[in-house]
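Before any comments, here is the structure.
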Amino acid sequence: MSLFKVFDVASSAVSAQSQRLNVVASNLANAESVAGPDGQPYKARQVLFQTQMMDADATAAGVRVAAVVEDSAAPRRIHDPSHPLADAEGYVTMTNVNAVEEMVNMISASRSYQNNVDVMNTAKSMLLKTLQLGS
Amino acid sequence: MLDRLTQTLDFNTQALLLRSERSRVLAGNMANADTPHFQARDFDFRQALASATGSGSAGLQTKPFRTHTGHLAAQGIGPHSPKMLYRTPMQNALDANTVDLDVERANYAENSLRYEASLRFLNGQIRSLLTSINGQ
């Protein structure tokens with residue numbers, strides 16, 4: 001029954017999207033951070049989605065997070081000589097997190113999450129109705 | 001004899017199987033709405049149903065599936081799985097993804113509605129069979 005595969009596919013997407021949401025949360029939490037424990041500013045992280053075939057005949061296409069990569073954008077530099085972590089020229093190196101980008105990312109992730117939950121709910125009600133066949 | 005009895009159910013059974021197959025494909029499209037380079041897929045339902053029911057062989061056709069990658073593909077036993085096509089995107093995305101979430105959602109809703117319709121037809125047929133068996 002292919003309907004059971006719908007759950008596999010949709011749940012793979014749900015977990016991938018929640019991982020993306022997790023990364024967004026970590027980026028937003030660090031949006032104003034100056035330097036990490038290693039003295040380097042925090043680098044924004046982005047998830048990399050990849051299609052994952054769920055069966056041999058390759059019609060059920062799930063999704064998985066292939067990797068979490070660090071954003072290579074240049075860190076923001078703010079002129080604030082009074083800051084304790086300012087360099088010789090008075091610049092503070094901030095993280096390269098773009099808050100607007102992350103908010104958009106968050107909305108997109110939550111929409112996709114909802115979509116896939118809807119898919120699972122519909123498949124569930126279809127299966128329940130099938131169970132009552134002939135009664 | 002029993003085969004004859006249930007032959008009327010075959011059409012809707014095939015329709016049901018194909019509908020569930022399609023819901024799986026559409027769920028895959030929606031799952032990959034944010035995957036770069038993913039190409040949305042679908043199949044022509046009318047054609048798939050015609051080739052599934054037009055083969056003439058009676059009875060419920062079962063399709064063997066592989067549980068291990070080392071298994072050989074058993075072809076010609078069951079109905080051939082529908083021919084998978086690629087969707088033509090209305091608007092191109094920068095990441096070469098061709099999933100249009102609205103289109104997929106609409107298709108999924110339509111598909112599940114038609115699944116339920118087939119289910120009701122099947123239920124009605126079963127009920128009338130039971131009525132004629134009971135003779136009341």
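Which members of the stretch A:90-135 meet the condition of being farther than 21 Å from B:Asn111 by Cβ, over 19 Å from the mean Cα position of the chain (by Cα) and among the aliphatic types (A, V, I, L, M)?
Hits for the stretch A:90-135 are A:Val92, A:Met94.
Enumerate the pairs (first residue in the stretch A:118-135 and closer than 24 Å to A:Ser12 by Cβ and within 7 Å of chain B (Cβ to nearest Cβ); second residue anywhere and surrounded by 12 or more Cβ atoms within 10 Å (Cβ to Cβ) and not hydrophobic (A, V, I, L, M, F, W, C)) with beta-carbon separation below 6 Å, excluding pairs fewer than 6 apart on the same chain, so at least 6 apart or on different chains.
Pairs found: A:Thr122/B:Ser112; A:Met126/B:Ser112; A:Met126/B:Tyr115.
Is it true that some residue in the stretch A:39-55 is within 10 Å of chain B (Cβ to nearest Cβ), of a type in the set (Phe, Trp, Tyr) and touching a residue at least 60 places away in the same chain (Cβ under 8 Å)?
Taking the stretch A:39-55 first, the residues within 10 Å of chain B (Cβ to nearest Cβ) are A:47-55.
Those left that are additionally of a type in the set (Phe, Trp, Tyr): A:49.
Those left that are additionally touching a residue at least 60 places away in the same chain (Cβ under 8 Å): none.
The answer is no; no qualifying residue exists.
Please identify the pairs in which a residue from the stretch B:107-120 that is in contact (Cβ under 8 Å) with a residue 40 or more places away in the chain and aromatic (Phe, Trp, Tyr) has its Cβ atom under 6 Å from the Cβ atom of a residue that is assigned to a helix (DSSP H, G or I) and crowded, with 16+ Cβ neighbours inside 10 Å, counting only partners at least 6 apart or on another chain.
B:Tyr108/B:Leu26; B:Tyr115/A:Met126; B:Tyr115/B:Arg19
Take the residues in the stretch B:96-105 that are away from chain A (no Cβ under 11 Å) and of a type outside the set (A, V, I, L, M); name whichever of them is farthest from A:Val6 (Cα to Cα).
Filtering the stretch B:96-105 for residues that are away from chain A (no Cβ under 11 Å) and of a type outside the set (A, V, I, L, M), the one farthest from A:Val6 (Cα to Cα) comes out as B:Thr98.
Mind listing whichever residues of the stretch A:10-32 are within 26 Å of A:Lys124 (Cβ to Cβ) and touching a residue at least 60 places away in the same chain (Cβ under 8 Å)?
Answer for the stretch A:10-32, where residues must be within 26 Å of A:Lys124 (Cβ to Cβ) and touching a residue at least 60 places away in the same chain (Cβ under 8 Å): A:Ala10, A:Ser11, A:Ala13, A:Val14, A:Gln17, A:Ser18, A:Arg20, A:Leu21.
Taking only the stretch B:106-118 into account, find how many residues are at the interface with chain A (Cβ under 8 Å from one of its Cβ atoms), in contact with a helix residue (DSSP H, G or I) (Cβ under 7 Å, 6 or more places away or on another chain) and more than 21 Å from B:Thr13 (Cβ to Cβ).
The number of residues fulfilling the criteria is 1.
Would a scan of the stretch B:57-64 turn up a residue that is modelled with pLDDT of 80 or more and basic (Lys, Arg)?
no
Looking at B:Ala33, B:Ala50, B:Ala27, which is the one that is more than 13 Å from chain A (Cβ to nearest Cβ) and either over 24 Å from B:Arg120 (Cα atoms) or of a type in the set (A, V, I, L, M) (or both)?
Of the residues listed, the single one that is more than 13 Å from chain A (Cβ to nearest Cβ) and either over 24 Å from B:Arg120 (Cα atoms) or of a type in the set (A, V, I, L, M) (or both) is B:Ala50.
Tally up the residues in the stretch B:83-108 that are over 14 Å from the mean Cα position of the chain (by Cα) and either aromatic (Phe, Trp, Tyr) or in a helix (DSSP H, G or I) (or both), please.
Result for the stretch B:83-108: 7.
The values are calculated or read from the model by the stated rules, or taken from the named source; none is laboratory data. Note that this is a predicted model, so its numbers are computed, not measured. So basically every Cβ, Gly included, is an ideal-geometry build from the backbone, and we count neighbours across all protein chains shown.
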